[in-house]
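Novice: Quick one: the structure is below, questions incoming.
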Amino acid sequence: MDETVRPLRIPPQAFVYADKHNVAQLVQVKVQLLVIDQPVDPISYLIGLLQRSSDDVPRVMVLGPPAVGKHTVVSSSERGKLSADLRLLVYGWVLEGIPQTRLQALSLQQGGVIPEHVVMLEAADDVLMERSCGRLVDAITGDIYHRTFILPDDDIITRRLEKGRSLTDQQRLAKLHRYCCEVTGLRSAYQHVLKVIDSDQPHADIYQQVLAFVRTRQRSRTPRILLLGPPGSGRSRQAQLLSEKYGMVDVSCGRLLRSVAAAGSSRGAEVQAYLDDRRPVSDSLLLQVLEERLSRPDCTRGGWILHGFPCDLQQARSLQESHQQPNRVFFLELTDDVCLERLSLRATDPVSGQSFHPVTRPAPSSEVQHRLKTRPEDSMESVTQRLKQYRLHSAALQSVYPEAIHIDADQDPHSVFEAVASRLTSEQQHNQNVDFKHKL
């Protein structure tokens, strides 16, 4: 191929570095500020930004119709201040109740006021009308309460509450109508950073939802996902669903080895020798195969989901020392009893290679059902041995990935998928321990 038209191959370690230091977000924010401010000396301007600013500061807008609870979420002292929890008073800002129109939103954007998170509270009209009638105000702090929905726990505060400024029903309806006319424009202006929350629920629940959303970061990271879990936990199915929705490459270790062996290369011949003897492929050869596959442009551009490797502590350490460290790790948790039930009833179509299960994934037709075969590795004895091996090494794997996300896999596949997908936009992986006990 002519070298002038050959696709550019970026070394995989470059992606690791960019993700680690959030280079894409850094460049995006600085260039964004550059074109807004348009300084005479752009180089000096950028140097100044890099020296003094942080891109991790929260920039939050809380929007919604009148009486929906915006001020309560942002500043009510009895519910724990959002500003204090996020250290926004020093390191960022919360803008409450503005913009109120799409035109105001565009004007703020032109002025460089660009939020990272926009929370839009909503409630039914009758709820909003009821709330607007019972507003109470703390004369000292300015905190807002309600005679029905929110009252302070402190009797001293309760005694000094005063009735809030009251509007006529006609004035309330007019304000609500104006908001309804503008809400579509506001949604479109902030659609990529917007979360809509139903405010007709306990204020503590609303606050926790807002706080959880604001603590996430939208980061331009190439997803490198590792799925771990016992046999039967649904790793292959989840990898397939993630690949279909997000365009990431589904990398099954076992399938990859068979593909390399069938290719007929010198490395494939080495792999085939292990497969013929029914021996585990050596870690060094397996890592070579994996690194070569994960370094291809489709993986480096779109990301990948790896499953079937690593299986023990040494393999996990070797993967971490390579240029292909995962940046999202999920443990799909399932009891041995459920694993045995799932795998012992699983059968494979020898024509298509697809697996089916009478409960979770029935065969599409009687013709397919009649030709299904049970694989030797799905026998009760084989599955029991594989589960034993996984439990033997699972604690060591968790020690390598202490911030992995634990998902309860004893649900239907799409519920598990939603749980996995919801965590992909989080800036950091936090241990999300499920109420789960292994039954060995």
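Novice: Condition check: without any contact (Cβ under 8 Å) to a residue 12 or more places away in the chain, polar (S, T, N, Q) and in a loop (DSSP other than H, G, I, E, B). Does Gln201 satisfy that?
Specialist: The answer is yes for Gln201.
Novice: I've got another one for you. Search segment 111-130 for residues being out of contact with any Pro (no Cβ under 9 Å at 6 or more places or on another chain) and not in a loop (DSSP other than H, G, I, E, B), and hand back the single one that is farthest from Ala67 (Cα to Cα).
Specialist: Checking each candidate, the answer is Val118.
This table checks each residue for (1) more than 19 Å from Val329 (Cβ to Cβ); (2) at pLDDT 90 or above.
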site: Asp205; (1), (2): yes, no
site: Leu211; (1), (2): yes, no
site: Thr222; (1), (2): no, no
site: Gly234; (1), (2): no, yes
site: Arg237; (1), (2): no, yes
site: Met248; (1), (2): no, yes
site: Val271; (1), (2): yes, yes
site: Leu275; (1), (2): yes, yes
site: Pro280; (1), (2): yes, yes
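Novice: Still on this model: Criterion first (without any contact (Cβ under 8 Å) to a residue 40 or more places away in the chain, in a helix (DSSP H, G or I) and surrounded by 18 or more Cβ atoms within 10 Å (Cβ to Cβ)) does Val210 satisfy it?
Specialist: It is false that Val210 is without any contact (Cβ under 8 Å) to a residue 40 or more places away in the chain, in a helix (DSSP H, G or I) and surrounded by 18 or more Cβ atoms within 10 Å (Cβ to Cβ).
Novice: Before we move on, is Glu162 acidic (Asp, Glu), outside the structural domain of Phe417 (by the TED database) and assigned to a helix (DSSP H, G or I)?
Specialist: no
Novice: Turning to a different aspect of this structure: For the list (1) in a loop (DSSP other than H, G, I, E, B); (2) surrounded by fewer than 18 Cβ atoms within 10 Å (Cβ to Cβ); (3) small (Gly, Ala, Ser), I need the number of the one condition that Gly254 fails.
Specialist: (1)
Novice: Take the residues in segment 185-205 that are in contact with an Asp or Glu (Cβ under 8 Å, 6 or more places away or on another chain) and not polar (S, T, N, Q), then tell me which one is most open to solvent (accessible area, probe 1.4 Å).
Specialist: Once the filter is applied, the top-ranked residue is Asp198.
Novice: Out of all the residues in segment 402-415, which are closer than 13 Å to Gly229 by Cα and not charged (D, E, K, R)?
Specialist: Of everything in segment 402-415, those that are closer than 13 Å to Gly229 by Cα and not charged (D, E, K, R) turn out to be Ala404, Ile405, His406, Ile407, Ala409.
Novice: Hey, could you check segment 405-434 for residues that are at pLDDT below 85 and polar (S, T, N, Q) and say which is farthest from Gln25 (Cα to Cα)?
Specialist: The residue in question is Asn433.
Novice: State whether one or more residues within segment 363-372 are loosely packed, with under 13 Cβ neighbours inside 10 Å, in the same structural domain as Gly303 (by the TED database) and in contact (Cβ under 8 Å) with a residue 12 or more places away in the chain.
Specialist: No, because not a single residue in segment 363-372 is loosely packed, with under 13 Cβ neighbours inside 10 Å, in the same structural domain as Gly303 (by the TED database) and in contact (Cβ under 8 Å) with a residue 12 or more places away in the chain.
Novice: Okay, moving on. Every residue in segment 110-125 that is open to solvent by 60 Å² or more (accessible area, probe 1.4 Å) and under 29 Å from the mean Cα position of the chain (by Cα), please.
Specialist: Glu122
Novice: Given the criteria of a type in the set (Ser, Thr, Tyr), outside any loop (DSSP other than H, G, I, E, B), surrounded by 14 or more Cβ atoms within 10 Å (Cβ to Cβ) and free of Cβ contacts under 8 Å to residues at least 60 places away in the same chain, does Ser259 qualify?
Specialist: yes
The values are calculated or read from the model by the stated rules, or taken from the named source; none is laboratory data. This is a predicted model, so every value here is computed, not measured. Glycine gets a Cβ as well: all are built from the backbone with ideal geometry, and neighbour counts include every protein chain shown. Side chains are part of the model used for accessible areas, which takes the heavy atoms of the whole protein and leaves out ligands, DNA and RNA. Shrake-Rupley method; radii C 1.70, N 1.55, O 1.52, S 1.80 Å.
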